Amino acid sequence: MAKKNEKGKSLESWIWDAACSIRGAKDAPKYKDFILPLIFTKRLCDVFDDEINRIAAEVGSRKKAFQLVKADHKLVRFYLPLLPEDPEEPVWSTIRKLADQIGEGVTTRMRAIAKQNPSLQGIIDRVDFNATTHGQRDIDDDRLSNLIEAISTKRLGLEDVEADIIGKSYEYLIRKFAEGGGQSAGEFYTPPEVGTIMSKVLQPEPGMEVYDPACGSGGLLIKCEIAMEESAKGRKRTVAPLKLYGQEYIADTWAMANMNMIIHDMEGEIEIGDTFKNPKFRSKQGKLRTFDRVVANPMWNQDWFTEADYDNDELDRFPAGAGFPGKSSADWGWVQHMHASLGAKGRAAVVLDTGAASRGSGNAGTNKEKTVRQWFVDHDLIESVLYLPENLFYNTTAPGIVLFLNKAKAKARKGKVLLVNASQIFEKGDPKNFIPDAGIQRIADVLIGWKEEDKLSRMVDHAELQKNDYNISPSRYIHTSDAETYRPIAEIVEELKVIEAEAKATDKALRKILKQLGV
């Protein structure tokens, strides 16, 4: 339930209204790199004020409290070198009262905060609020002033809003930006219901280490912590929190993930860089570090990795017999990386394009992607596959699948894969469809309990998968009530692409032979 303020407006509505104060809802996503750090800073300022007030209650005045924390930064979680002219005024007033050169003033204050807090460097100070493009300010002082004033209307301190509520509201803001973000939205955001299902099924336990190699804004890691706390049956925060680890390639998104983690009052280690070519989490021996749970929604069908990238790998991520999944899609390359990042009893969940479940199956000749898929089936690493409804994701209307891996499958589950076709479990939304709460719970219960339900889920043994040429798409085995012969267009198109590529390769080889024969 969203917390309401005195005017009855939810925190989510307030936070979105603040974002829209610049140029309205249509243009708000363009300014996310300015809006998110400002709201994050407002939270830091208000929490710092609460800590100052707590110390002041012991030492007699806020003036003395400011002096104490300046002398010993360890008294507070984040030390803010922002001192109001009047110590009784809120710390945020040092930003709110800026009257001229506002962009420069905000940038200076954020960089001062980062200088005093190494863990915030590159996160809070990476945006220049005074930046120009072709001589024009990216966000002029008038709009910036409007935004600051809109943010100032609500306090975000410890006494005003709990971490989980401000965290949910921050996630809400990120989702709203994703709605207007077009193709780029998929780089930083996974629909919340998909993340909830993944985290519930993975069942992370207190103290476990959880890793996301393509973490975006950090939402999937946060979902895992929330799922663990919910399963702790009311012992929230009395159990050991998860140890969260992520890596993100895009600098702005990396900063977003760090802010998202802190504003949720969760601590994680988020590295920046290309996971595929340079995974940052390694053991002291230089080998790939392993985790209890791995979760990810990497960009689908990445085509910029070559066979050389796989051959040059020194971390044993691409085993013999599986190897290079083909240049046209790195989907199974990501699955291989996640498998290599799992401990002996580790489990993983990864969102992939639907074509990853079927490409190459049923076609003449060999297919590299199918070869990798076969390796995972034959080594009994795939526990289940979930087929999602269409039009959930912000950068595509394609449905997507969730592949669940388990390195230590229960004896009763060995030699089988649970396939779940949830293509009909959704409600129409604007601009995207969504899975309702009851649907989330139904899907999660089926996957956790390995339940078979008519027209929803089915256990398929490896012999049947082999018979179907290692096609593991649930839509191939489970027909929904209103679409007995239905196959998603996206899946058919992907298969046609593979057939066309194979035909071209065969034609090229034939021409070469004929040329050698002088024909």
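Could you tell me what percent of the DSSP beta bridges with both partners in the chain are antiparallel, to the nearest 5? Just about 55 percent of them are antiparallel. Which whole-number percent gives the relative contact order of the chain, counting Cα pairs below 8 Å spaced six or more residues apart? Relative contact order for the chain comes out at 11 percent.
In terms of surrounding Cβ atoms within a 10 Å radius of their Cβ, H264, H379 rank from fewest to most as H379, H264. Once the Cα atoms are used to define both axes, helix 11-20 deviates from the longest principal axis of the chain by about 90 degrees.
Taking other Cβ atoms within 10 Å as a rough exposure proxy, D100, D331 sort from fewest to most as D100, D331.
So for the range 11-174, averaging the separation of alpha carbon pairs under 8 Å that are six or more residues apart and normalising by length, what relative contact order in percent results? Once divided by the residue count of the range 11-174, the mean separation gives 32 percent. Simple spin-label estimate for D437 and E179 gives 2.0 nm between the two label positions (7 Å along the Cα-to-Cβ direction from each Cα). Given the range 329-451, what percent of its DSSP beta bridges are antiparallel, to the nearest 5? So the antiparallel bridges amount to about 75 percent of the total. Measuring between their Cα centroids, the range 330-394 and the range 142-181 lie 37 Å from each other. Helix 192-202 against the longest principal axis of the chain: what's the angle in degrees, Cα atoms only, rounded to the nearest 10? Value to nearest ten degrees: 70. Residue order for C215, C45, C20, fewest other beta carbons within 10 angstrom first, comes to C20, C45, C215. Compared with the direct C-alpha span, the chain from D140 to V239 gains 31.0 nm at full extension, assuming 0.36 nm per residue. Classify the range 181-487: rounded, prolate or oblate, from the alpha-carbon gyration tensor (a ≥ b ≥ c, eigenvalue square roots; a/c under 1.5 rounded; otherwise prolate if a/b is larger than b/c)? Judged from the Cα gyration tensor, the range 181-487 comes out rounded (a/c under 1.5).
Strictly greater than 22 Å: what percent of every Cα pair in the range 11-174 meets that? Tail of the P(r) past 22 Å holds 43 percent of the pairs. Within the shell of other residues whose beta carbon sits under 9 angstrom from the beta carbon of H264, the net charge comes to -3, with Lys and Arg scored +1 and Asp and Glu -1. Between the labelled values (1) 100, 79, 51; (2) 66, 57, 43; (3) 88, 58, 51, the entry that holds Cα extents along the principal axes in Å as derived from this structure is (3). For n ≥ 4 DSSP H runs only, could you compute -39500 (n - 2.57) per run for the chain, divide by its residues and tell me the 222 nm figure to the nearest 500? My calculation for the chain gives -12500 deg cm²/dmol from helical runs alone.
Every read-out reported here was derived from the displayed coordinates using simple, explicitly stated rules and does not represent laboratory data. Keep in mind the model is a prediction, meaning the values are calculated, not measured. As a convention, Cβ positions derive from the backbone with ideal geometry for all residues, glycine included, and neighbour counts pool all protein chains shown.
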